[in-house]
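The values are calculated or read from the model by the stated rules, or taken from the named source; none is laboratory data. Just so it is clear, the structure is predicted and the values come from calculations on it, not from any experiment. So basically every Cβ, Gly included, is an ideal-geometry build from the backbone, and we count neighbours across all protein chains shown.
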Amino acid sequence: MNIIGKRYLFFALSLLIILPGLVILANWAIQDNLPLSVDFTGGSQLEVVFENGNPQPADIVRLYNDLDVGDVLVQTTDKGSLLIKSGFVDNDKRDEILSALEAEFGGPVSVLRLESVGPSIGSQVTSRAAIAVGVAALAVVIFITVTFRGIQHAFRYGICAIIAMLHDVAIVFSAAAIGHIVFGWEMDSLFLTALLTVIGFSVQDKIVVFDRIRENSLILRRLDFETLVNHSIVQTLQRSINTQLMTVEFLLLALALMGGVTLREFCIILFVGLLSGTYSSIFIAAPILVLWEKKEWKTWFRRKEAAI
Amino acid sequence: MKRNLYSRLILIVVLLALAIGVDSVNIVRVSNPFNGETIFSRDVTPRLGLDLRGGLQVILEADLPETSEITAEQMDVARSIIENRTNALGVAENSIQVAGERRLVGEFPGLEDADSILSTIQQTGLLEFVDFGSTFINPGTVVTTDYGGNTEVAEGEVLYHTIMNGAELLTVGVTTDQINQTGVSFDLNDEGRAIFADYTTNHTGEFLGIVLDKQVISAPRVKDPITEGRGTISGNFTIESANALAVQLRYGSLPVPLKVVDTRYIGATLGEDSLQKSLIAGVVGMLAVIIFMSLFYRMPGIVAVLSILIYGALAFAIFKWIPVTLTLPGIAGFLLSTGSALDANILLFERMKEEIRSGLTLGNALDKGWTRAWSSIRDSNVATLITSAILFWFGSTFGATIVKGFSLTLALGVVISLFTAIVVTRTLLALFIIWFKPTNLKRWFGI
């Protein structure tokens, strides 16, 4: 199986998925119109009492969505009232919602309070999380360089792992952008969690694949580097498929298909991100190692034929 | 070799029994078998975050006249001070939001005793060092000071002069002296040191009032000039109250006084029905994993399933013991480490298969496969540990609770998964090979 030989095909495939999503996101960012949820933007909090008993939370969410208010979260309180958190609601909208609630569920609805709430995740938290990830990435590069010091160009392995990790992050963002267009998803605190999970997994998976290259390059010294990397990938393929597809993705698929609605978006993002994490170990990180070894930027990314 | 295996098996069984013991109760209590006295007791009730369990919602409002101007910045400072105070009191995974122009909404998971936290939240935390002259004033007395240019004072009361306030504090800590009295120690910044040195030199023999939110905590007599800018506030403290005061002083005083408008219990933010469904889905997913592992890897697969179950029991017991507040980010971190626990098993089995195919005996294949697989298991997990340590440090320093919750369970999970990979999987697999002496490789190993 020759995977490395088709490396530019895989690079193109990844770009095909990443670029549209990132272009769309960049466009939104310029217009200051990113699909951020109330976790980041803040919203409104309405507390009401239904005189004739509380309706199902799902029905309220649907009613809000019909009135073009998103990010709805319904909680019950110990005082029998319902706490409805959502995107911003002004006074006109509130009246509209109240009359719709009364019409739909019958009986008078009394408002205990309506107020706007600030974001639960401040902009500082997001930027600090990004810095933390950056520092962690740097530490990983140093760690890989040290632990791979027995073979040539140990530094490259760390850099390639981080490039592939950025690839996975880009895939997740792209998936979120597409998810917003198709399903109206918004980036919330769970998205941030999914992103962290993907980053953690991605680095771990790269090292497992690189470890095989490290081992083989000590045994098979004579072999041409491209052949050696390809051989190593094929050897770890069974493990990649089993760990990834058969176990982790099983679990996530079950959660996405059968689990609660509030977790569906999270599970699908995680599913895509972890899939990308495994994919990029084989089809991005390892091929870039070969590209680097052959310095293919000097030949305008044309492959040199392997000298036999 | 064989004896070694059995002693490991005993270790595993003992640890598993302990873990199941902790998993199945809410309070661990060890009592003396002779007189029934409790020697040791620890509450290990599982702690779930606001997203999974619900908790207490507290609404705070600026305690100032309606007409007074409150800036958004002041509310934001108040928000972060309250967040720091509650974090320091050990209420994990809380959320504080600014609501409207003069309100804060705080949500605290699984909190039952509202009062314990409310007093700390509400205290403005304004510490003043007050010149009492030659009169001693009893702790607990409410006094009026000229802090902030105040000149109003009730008939017959004295207006005391504030020398400086808590803003000059550099560090604050809790100390216990030789006679076991608890106090709050502090260091002053340069400005505070100068003021303090100046005052204590000119007022030796007089009383210095230490006043928190206008209430006298203590009024020590100045024996000697204090020039090194360091001191201890003594008073009638317990460890808890000293800690609470230290927390208030450390995170500064609130820019606006706050009062509690309302407290109530709220349900899980993710919704009960959603959580129920997800739990069932998780079980179905796990069953699928178990079936796949057993069918694909046969005997080793069953060992892996046992090892993952032991891993789960250990992890849950440790989470309960520490205790770790479980939120969805926390569970995501745990799931990721479960994935790496499975991965360690799969890495070992794949290498073992290679060795069996090359003609080694089962026992040798296990040893050699392990040696080969170990470097990748070690390095990949160490990298994850480095990542989670950095994320945890950032998360707790800058109050990013999501990042913190995620990285804590991830790091703990990875450490436990390394233990199960090194000890549990290897030992069980070696024992299974000795006990069952499998000869039909196709049936037992799927080769």
Checklist entry - Do any residues in region B:249-278 that are within 14 Å of another protein chain (Cβ to nearest Cβ) have Cβ atoms under 8 Å from those of residues that are hydrophobic (A, V, I, L, M, F, W, C) and assigned to a loop (DSSP other than H, G, I, E, B), where the two are at least six apart or on different chains, and which pairs are they? => result B:Leu275/B:Ala268
Item to check | Elements of type helices (runs of 4 or more DSSP H) in region B:289-401, at least 1 residues being over 27 Å from B:Ala19 (Cβ atoms) and of a type outside the set (S, T, N, Q) | outcome: B:328-357, B:362-397
Checklist entry - Taking region A:261-281 as the search range and keeping residues that are within 7 Å of chain B (Cβ to nearest Cβ) and surrounded by 21 or more Cβ atoms within 10 Å (Cβ to Cβ), which one is farthest from A:Leu9 (Cα to Cα)? => result A:Thr262
Item to check | Close pairs from region A:1-29: first aromatic (Phe, Trp, Tyr) and assigned to a helix (DSSP H, G or I), partner surrounded by 12 or more Cβ atoms within 10 Å (Cβ to Cβ) and modelled with pLDDT under 90, Cβ under 6 Å, at least 6 apart | outcome: A:Trp28/A:Leu34
Checklist entry - Can you tell me which of B:Leu245, B:Leu208 is surrounded by 17 or more Cβ atoms within 10 Å (Cβ to Cβ) and modelled with pLDDT of 80 or more? => result B:Leu208
Next on the checklist: Checking A:Val133 against (1) surrounded by fewer than 18 Cβ atoms within 10 Å (Cβ to Cβ); (2) touching a residue at least 60 places away in the same chain (Cβ under 8 Å); (3) of a type in the set (A, V, I, L, M, F, W, C); (4) in the same structural domain as A:Phe173 (by TED's automatic domain parsing): exactly one of these is not met. Which one?
Outcome noted: (1)
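Test B:Arg53 against the criterion of being in contact with a Pro (Cβ under 8 Å, 6 or more places away or on another chain), surrounded by 18 or more Cβ atoms within 10 Å (Cβ to Cβ), within 13 Å of another protein chain (Cβ to nearest Cβ) and not aliphatic (A, V, I, L, M), and give yes or no.
Yes, satisfied.
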Checklist entry - Hey, any hits in region A:92-101 for a residue that's surrounded by 15 or more Cβ atoms within 10 Å (Cβ to Cβ) and within 19 Å of B:Thr384 (Cα to Cα)? => result no
Item to check | The listed residue being within 17 Å of the chain's Cα centre (by Cα) and more than 27 Å from A:Arg264 (Cβ to Cβ), out of A:Ile162, A:Ile199, A:Ile207, A:Ile213 | outcome: A:Ile162
Item to check | A:Val198, sole failed condition from (1) part of a loop (DSSP other than H, G, I, E, B); (2) touching a residue at least 12 places away in the same chain (Cβ under 8 Å) | outcome: (1)
Item to check | B:Glu228 vs. criteria in contact (Cβ under 8 Å) with a residue 24 or more places away in the chain, surrounded by fewer than 19 Cβ atoms within 10 Å (Cβ to Cβ) and over 16 Å from B:Thr141 (Cβ atoms) | outcome: yes
Checklist entry - In region B:174-188, which residue that is among the β-branched types (Val, Ile, Thr) and within 25 Å of B:Met164 (Cβ to Cβ) is surrounded by the fewest Cβ atoms within 10 Å (Cβ to Cβ)? => result B:Thr175
Item to check | Odd one out for A:Thr193 among (1) more than 9 Å from every other protein chain (Cβ to nearest Cβ); (2) in contact (Cβ under 8 Å) with a residue 40 or more places away in the chain | outcome: (1)
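Conditions (1) surrounded by 18 or more Cβ atoms within 10 Å (Cβ to Cβ); (2) touching a residue at least 40 places away in the same chain (Cβ under 8 Å); (3) assigned to a helix (DSSP H, G or I); (4) within 20 Å of the chain's Cα centre (by Cα), marked per residue:
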| position | (1), (2), (3), (4) |
| --- | --- |
| A:Val89 | yes, yes, no, no |
| A:Glu115 | no, yes, no, no |
| A:Thr145 | no, no, yes, no |
| A:Arg149 | no, no, no, no |
| A:Tyr157 | yes, yes, yes, no |
Checklist entry - Does B:Ile390 fit the bill of being at pLDDT below 90, more than 13 Å from chain A (Cβ to nearest Cβ) and surrounded by fewer than 23 Cβ atoms within 10 Å (Cβ to Cβ)? => result no
Checklist outcome for this item: Scanning region A:201-225 for residues that are at pLDDT below 90 and touching a Gly at 6+ places or on another chain (Cβ under 8 Å), the one nearest to the other protein chains (Cβ to nearest Cβ) turns out to be A:Phe201
Checklist entry - Would a scan of region B:32-44 turn up a residue that is hydroxyl-bearing (Ser, Thr, Tyr), assigned to a helix (DSSP H, G or I), more than 24 Å from A:Ser120 (Cβ to Cβ) and free of Cβ contacts under 8 Å to residues at least 40 places away in the same chain? => result no
Checklist entry - Is there a residue being of a type outside the set (A, V, I, L, M) and at pLDDT 85 or above anywhere in region B:301-308? => result yes
Checklist entry - Is at least one residue of region B:374-381 more than 24 Å from A:Glu215 (Cβ to Cβ) and either under 35 Å from the mean Cα position of the chain (by Cα) or without any contact (Cβ under 8 Å) to a residue 12 or more places away in the chain (or both)? => result no
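Table: residues versus (1) of a type in the set (S, T, N, Q); (2) touching a Lys or Arg at 6+ places or on another chain (Cβ under 8 Å); (3) more than 9 Å from chain A (Cβ to nearest Cβ).
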{"position": "B:Phe349", "(1), (2), (3)": "no, no, no"}
{"position": "B:Arg357", "(1), (2), (3)": "no, no, yes"}
{"position": "B:Gly369", "(1), (2), (3)": "no, yes, yes"}
{"position": "B:Asp379", "(1), (2), (3)": "no, no, no"}
{"position": "B:Ser396", "(1), (2), (3)": "yes, yes, yes"}
{"position": "B:Lys404", "(1), (2), (3)": "no, no, yes"}
{"position": "B:Leu412", "(1), (2), (3)": "no, no, yes"}
Next on the checklist: Return the residues of region A:76-87 that are under 25 Å from the mean Cα position of the chain (by Cα) and within 11 Å of chain B (Cβ to nearest Cβ); say none if nothing qualifies.
Outcome noted: A:Lys85
Next on the checklist: Condition check: without any contact (Cβ under 8 Å) to a residue 40 or more places away in the chain, within 14 Å of chain B (Cβ to nearest Cβ) and either under 34 Å from the mean Cα position of the chain (by Cα) or more than 24 Å from A:Phe191 (Cβ to Cβ) (or both). Does A:Val125 satisfy that?
Outcome noted: yes
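On the basis of being charged (D, E, K, R), out of contact with any Lys or Arg (no Cβ under 9 Å at 6 or more places or on another chain), closer than 30 Å to B:Val403 by Cβ and not in a loop (DSSP other than H, G, I, E, B), does A:Arg128 make the cut?
The answer is yes for A:Arg128.
Being within 12 Å of another protein chain (Cβ to nearest Cβ) and within 32 Å of the chain's Cα centre (by Cα) is the requirement here; does A:Leu73 meet it?
Here the answer is yes, as A:Leu73 does meet what is asked.
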Checklist entry - How many residues are at the interface with chain B (Cβ under 7 Å from one of its Cβ atoms) and within 18 Å of the chain's Cα centre (by Cα) if we restrict to region A:240-252? => result 3
Checklist entry - Scanning for something touching a residue at least 12 places away in the same chain (Cβ under 8 Å) and closer than 30 Å to B:Ile433 by Cβ, does region B:279-292 turn up at least one residue? => result yes
Next on the checklist: I'm told A:Ala26 meets every condition in (1) farther than 12 Å from A:Ser174 by Cα; (2) not assigned by TED's automatic domain parsing to the domain that holds A:Gly80 except one. Can you identify the failing condition by its number?
Outcome noted: (1)
